[in-house]
Structure formats: structure tokens, C-alpha cells
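Trainee: Structure below; questions to follow.
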């Protein structure tokens, strides 16, 4: 690869990353191309060189952020052999809650993703793929827990995964509005699955000590 | 001098309904005053006679669509005798039935993240949704049909579940259908309320 090609690739990636940040900060309707160029440290003409229209840039930025959202939300959940299924499940739920800082910003972006997919039917397969990935992530962890004898054999992994995802969205968005604490949301989700998975009354502490303790 | 726009029979409520329909079809970002006028069978100047700006019109349209949803729900609930029947109606409404879909709700919630005025409206409407649920729980407990769950805690739990599932229905996640939502929500409610909700079964 020549130096010029490397720079070009870097430019495109930087523009997309800057666009994602701007969407999270300003909302998709308010984003300005000039601002994205400034954030990315490139000229507006380079933005136009890579992306024909504002819409093309925003669509691609959102696709890119779906991937990012998937990567951020789906791990690292901790090694099941080291932590066991119960602790790992709590860590996975934590990935889905709007803790202040990084995850909060991701959450705001995530709400923009919902909106974009609602407004643009052609984006729905991308959104549905993300949900399928997230669903499988939880369902697989529950099946692993059953196989390891840590969750009851009769637990319905798909129903539990559905419930966790829906509650994480419903409680997460309310926590984002400051209606309840993230730790409360965490406990509520835990309560809603603990009977079926035979979990202890309190979820174990977060794996990441930077996160506030419940 | 341009003629004063002729004001026909179309009034604010009709315009709000038309604006909601346009937002549903075109999305908030692409909704134009002329679309709302076409939908309502009137002219753009007539629309702007009632609303100072497009922003005001769209904001009010989002709010009034939600309000109508709650009004309809409250009327339906009041017409039902049994608490279990009422709880099933709540679940049915939350699963996307009734004259409503998640599009307007999501536009409102997403915009409320950045607009303090809409954030207050959103909080008020969400409070109303949760009160409707909590009232049914209290009603069922008074009549000895529901177990001793905390009505307000249950309300936020069920509302969160239904909202989260509504997102998945709206994104056309094939695994999550309105039937599946009902099943998941009924199961959660039955467990929390210690009572079977589905017709023909006992408490």
C-alpha cells in the first residue's frame, strides 16, 4: 500500500468517526458537513470527495456506528471459566446500560439509530441484524450457563434474551432521561430474570471497577 | 396586497391529526407544511394561521397523538369491569394496537433528549402511561384478584418491557411480532401479580 492510499483510507475512516460523534452530540437532523470536516481535521472538499451527498455520509456513518454499537455492546463480557455464568451475565447486562461517559454517548447514538431505521425502511435490515446479534449473544450465554449446570435446564433462553433486551432498552432510555438510576435499572432487569435463571437476589458487582457500584 | 388566506372548516385538531399522519409517512425531518395542508385538504397559509411555525405544528402533533392514545386507553379501561381484562387491554395497547404506532413515540423520545420542553412533555406522558398501569394494579388488588406487588414499581417494569419490545416491533425484527410481545408481557405480568390473566384461568 502506498502512503497516499493509506492516508486516503484514514481520511474516510476519520470522517465517519467524526460524523458518528457529531450525530451523538447534535442529533442527526442538526448535523453540519462543515462541522464534521472540522472535527475530522479535513477540508469540506475531501468530505465531498468521499461522499456524494450529506445523506450518503450520514447513512454510512450510521451503518458504521451500528457495527461500532455491536462491538461495544457485545463484549468483552469476561471469560466464563474465570467468572462463571452468573457474573458474566451481570457484566453483559452492564454493557447495555447507559453508564455516564462513554456508554451514555453510545446510548444517545443508539436512540438515533432507532429513529433512522424507523424513518428509512432500507436501514431496517441493518437494525434487525444488530438486534439478532444482541439476542444471540444473550441466548448463547444462557445456553452455555445451562450446559454448565449454572442455570436451570428448563430455562427458555430465547424468552429470557427477549426480556433482557427489551428491559435494557425500556429502562435504559428512562435512565438516560434521569428518571431512575442506572443501578436501579440493573437491579430491575436482574429481578425480572432471576426466578427463571435461579439467580442470587443481588447481581454481582460490575466487572469494570470504573463503573459505579450498585 | 396578497389576499388574506381563506379559512375553511379545517381547525387545529384536524391539522394535528394530518400532521401526525405526515410524520408517520415521511418522518419528522421530511414533513413539510404543504404536506400537512394537502393531507388536511387545506392550504399552507391556512395551516400557518393556526401554528406560528412548522416546528410548533410538529411538536404539538407529536404530543397530541400521544395524548389521544392515552385518552382512548382510559376510555377503554373505564368500560371494563374485570381487572384482568383491563391489564390485558394495557398489554394489547402497548403491543402496538389501537390507533397508534411507535414512530411518533420514538420521534418524541429522541427529540426529547435534546429539547428540554419536549423532555418535560415526554416525562408527563410517560407518567400518565405508568399511572394507567398502576391504577389497574391497585384496582385488581382492591378486588382481591392481584397479589401484593408494588403498583408503581410494576408500572415502570411493564412500561419498560413494552417500550423495549415496541422498538423491536418497529424495527421489524422478525422474531418479535405483536403476538410474541403479548405473550412475553402477559407472562411477566402474571408472575409479578401472582395471577393468571388469560381468560378461563383462575387467579
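The values are calculated or read from the model by the stated rules, or taken from the named source; none is laboratory data. Here the structure is a predicted model, which is why all the values come from computation and not from measurement. We place every Cβ from the backbone using ideal geometry, glycine too, and count neighbours over all the protein chains shown.
Trainee: Just name the residue that is nearest to residue B:110 (Cα to Cα) out of those in segment A:74-98 that are at pLDDT below 85 and part of a loop (DSSP other than H, G, I, E, B).
Mentor: Looking at residues that are at pLDDT below 85 and part of a loop (DSSP other than H, G, I, E, B), I get A:74.
Trainee: Which condition breaks for residue A:71 when tested against (1) exposed (fewer than 14 other Cβ atoms within 10 Å of the Cβ); (2) over 13 Å from the mean Cα position of the chain (by Cα)?
Mentor: For residue A:71, the failing item is (2).
Trainee: Please pick out the residue among B:118, B:108 that is closer than 28 Å to residue B:35 by Cβ and surrounded by 21 or more Cβ atoms within 10 Å (Cβ to Cβ).
Mentor: Going through B:118, B:108 in turn, just one is closer than 28 Å to residue B:35 by Cβ and surrounded by 21 or more Cβ atoms within 10 Å (Cβ to Cβ): B:108.
Trainee: Still on this structure: Of all residues in segment A:152-164, which are surrounded by fewer than 24 Cβ atoms within 10 Å (Cβ to Cβ) and either facing chain B (nearest Cβ under 9 Å) or under 16 Å from the mean Cα position of the chain (by Cα) (or both)?
Mentor: Within segment A:152-164, A:158, A:159, A:161, A:163 qualify.
Trainee: Would segment B:139-152 turn up any residue that is within 14 Å of chain A (Cβ to nearest Cβ) and either in contact with a strand residue (DSSP E or B) (Cβ under 9 Å, 6 or more places away or on another chain) or in a helix (DSSP H, G or I) (or both)?
Mentor: Yes, that holds for at least one residue.
Trainee: Determine which single condition residue A:71 fails, assuming it passes every other condition in (1) without any contact (Cβ under 8 Å) to a residue 40 or more places away in the chain; (2) in a helix (DSSP H, G or I); (3) not assigned by TED's automatic domain parsing to the domain that holds residue A:186.
Mentor: (3) is the only condition that residue A:71 fails.
Trainee: Then there's this: Being touching a helix residue (DSSP H, G or I) at 6+ places or on another chain (Cβ under 7 Å), within 25 Å of residue A:177 (Cβ to Cβ) and either outside any helix (DSSP H, G or I) or more than 11 Å from every other protein chain (Cβ to nearest Cβ) (or both) narrows it down to one residue among B:128, B:111; which is it?
Mentor: Working: B:111 fails: either outside any helix (DSSP H, G or I) or more than 11 Å from every other protein chain (Cβ to nearest Cβ) (or both).
Sole residue among the options that is touching a helix residue (DSSP H, G or I) at 6+ places or on another chain (Cβ under 7 Å), within 25 Å of residue A:177 (Cβ to Cβ) and either outside any helix (DSSP H, G or I) or more than 11 Å from every other protein chain (Cβ to nearest Cβ) (or both): B:128.
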